[in-house]
Amino acid sequence: MILFQKSKDLQAFIEKKKTENLQIGFVPTMGALHQGHLSLIRAAKQDCDLVVCSIFVNPTQFNQISDLENYPRPIENDIKLLIEAQCDVLFHPDVNELYGGNFAKDSSEDYGRFVHVLEGESRPGHFDGVVTIVNKLFSICKPHQVYFGQKDYQQCLVVKTLIAREFPAIQFHLCPIEREADGLAMSSRNIRLNSQERNIANHLYKALELVQNNWNKEHWQDALTHAKEMYLGAPFKLEYFCVCDQESLEELTDFKAEAVVLAAATLGNTRLIDNLLLRI
Ligand code: PAF
């Protein structure tokens, strides 16, 4: 695996590979890699000739300085995992390389209603930070295909909108959520759960699954109420648990054949998010 820390070096390398007609796949990450990230690398390897992964903990998308400071950065282990997964290139720039001291954010304000709800409401400015960094990374890497995990479902809608507006040639791939044996969605933040919290963290998934298993016109609303009562009481601090349109994220009032159920809750000091696609 080749490691680049400077944008211009990665750019020159990619330009050269493009003259050889290679398909470039890109997996942007913030590191602390787990099987979820590695499944994105695997998907990219299946479709592309050359896979680039970036590791960059993006300061502009964090709402709390403590979350940014405590974000895990096990770079040695990440490099080992990427080599094992046969990733071709790692882009690992420092903050100055990408921001050069200017932390002004691009705006996602007019992307649509969906940026202002759920994560957009809970984490003001978060998607502006995501759009800012993804825009920079796509501009540097200029990939043909990009791979994002469904766990950050709303982020995927934001990135798809960025692509439609600024990078129409890029092909977007939504990749399934990787889960622990008990259903908990894999996340770099899961290591913050203590053992008691970890034992019940999969209740978020169980609640979503209950809605998925009752996805029909007669029972879906009762299932939503029941799931909340059964799984998401204390010690969970529930932020949202709702069924929405897959594109607009408008909360459903009437049944639809296809939708998405999304949840966010805090357990101790760890914020968990998860979702499941619904279809009859
Ligand atoms: O999903 C993530 O890890 C980050 O939001 C991303 C897309 C790498 C941008 O920093």
(message) Considering only residues that are within 16 Å of the ligand (Cβ to nearest atom), assigned to a helix (DSSP H, G or I) and of a type in the set (Gly, Ala, Ser), which ones fall in the range 5-33?
(response) Ser7
(request) Specify the residue that is nearest to the ligand (Cβ to nearest atom); the eligible residues are those in the range 184-202 that are part of a helix (DSSP H, G or I) and within 20 Å of the chain's Cα centre (by Cα). (result) Ser188
(request) Please verify whether the range 245-266 includes one or more residues that are within 20 Å of Arg198 (Cα to Cα) and more than 23 Å from the chain's Cα centre (by Cα). (result) no
(message) Residue under question is Asp110, and the condition is that it be more than 11 Å from the ligand (Cβ to nearest atom), free of Cβ contacts under 8 Å to residues at least 12 places away in the same chain, charged (D, E, K, R) and open to solvent by 20 Å² or more (accessible area, probe 1.4 Å); does it hold?
(response) yes
(message) Looking at the range 96-107, can you tell me whether even one residue there is open to solvent by less than 50 Å² (accessible area, probe 1.4 Å), under 19 Å from the mean Cα position of the chain (by Cα) and within 14 Å of the ligand (Cβ to nearest atom)?
(response) no
(message) I'm told Ala85 meets every condition in (1) farther than 30 Å from Ser248 by Cβ; (2) at pLDDT below 95 except one. Can you identify the failing condition by its number?
(response) (2)
(request) Would you check if there is a residue in the range 173-182 being away from the ligand (no atom under 16 Å from the Cβ), closer than 17 Å to Arg271 by Cα and open to solvent by less than 40 Å² (accessible area, probe 1.4 Å)? (result) no
(request) Just need a number here: residues in the range 101-120 that are in contact with a strand residue (DSSP E or B) (Cβ under 8 Å, 6 or more places away or on another chain) and assigned to a helix (DSSP H, G or I). (result) 1
(request) Tell me, yes or no, whether the range 85-95 has at least one residue that is open to solvent by 20 Å² or more (accessible area, probe 1.4 Å), more than 24 Å from Asn269 (Cβ to Cβ) and polar (S, T, N, Q). (result) yes
(request) Answer yes if at least one residue in the range 66-79 is closer than 22 Å to Arg192 by Cβ, touching a residue at least 40 places away in the same chain (Cβ under 8 Å) and buried (at least 19 other Cβ atoms within 10 Å of the Cβ), and no otherwise. (result) yes
(message) Looking at the range 1-30, I want the residues that are on the phi > 0 side of the Ramachandran plot and free of Cβ contacts under 8 Å to residues at least 60 places away in the same chain and have a partner that is assigned to a loop (DSSP other than H, G, I, E, B) and surrounded by fewer than 18 Cβ atoms within 10 Å (Cβ to Cβ) with Cβ atoms under 9 Å, at least 6 apart or on another chain. Which pairs are those?
(response) Asn21/Asp49
(message) Among (1) within 13 Å of the ligand (Cβ to nearest atom); (2) at pLDDT 95 or above; (3) within 20 Å of His37 (Cα to Cα); (4) assigned to a helix (DSSP H, G or I), there is one condition Leu162 misses while meeting the rest; what is its number?
(response) (3)
(request) Please go through the range 257-266 and pick out each residue that is among the charged types (D, E, K, R) and buried (at least 17 other Cβ atoms within 10 Å of the Cβ). (result) none
(request) State whether one or more residues within the range 127-139 are at pLDDT below 95, more than 12 Å from the ligand (Cβ to nearest atom), open to solvent by 10 Å² or more (accessible area, probe 1.4 Å) and assigned to a helix (DSSP H, G or I). (result) no
(message) Looking only at the range 20-39, how many residues end up being open to solvent by 40 Å² or more (accessible area, probe 1.4 Å) and closer than 19 Å to Gln171 by Cα?
(response) 3
(message) Given (1) more than 10 Å from the ligand (Cβ to nearest atom); (2) not in a strand (DSSP E or B), identify the lone condition not met by Val57.
(response) (1)
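The values are calculated or read from the model by the stated rules, or taken from the named source; none is laboratory data. What you are looking at is a predicted structure, and each value in this text was computed from that prediction instead of being measured. Note that we place each Cβ from the backbone using ideal geometry, even for glycine, and neighbour counts take in every protein chain shown. Heads up: the accessible areas ignore ligands, DNA and RNA and are worked out on the full protein's heavy atoms, side chains in. Shrake-Rupley method; radii C 1.70, N 1.55, O 1.52, S 1.80 Å.
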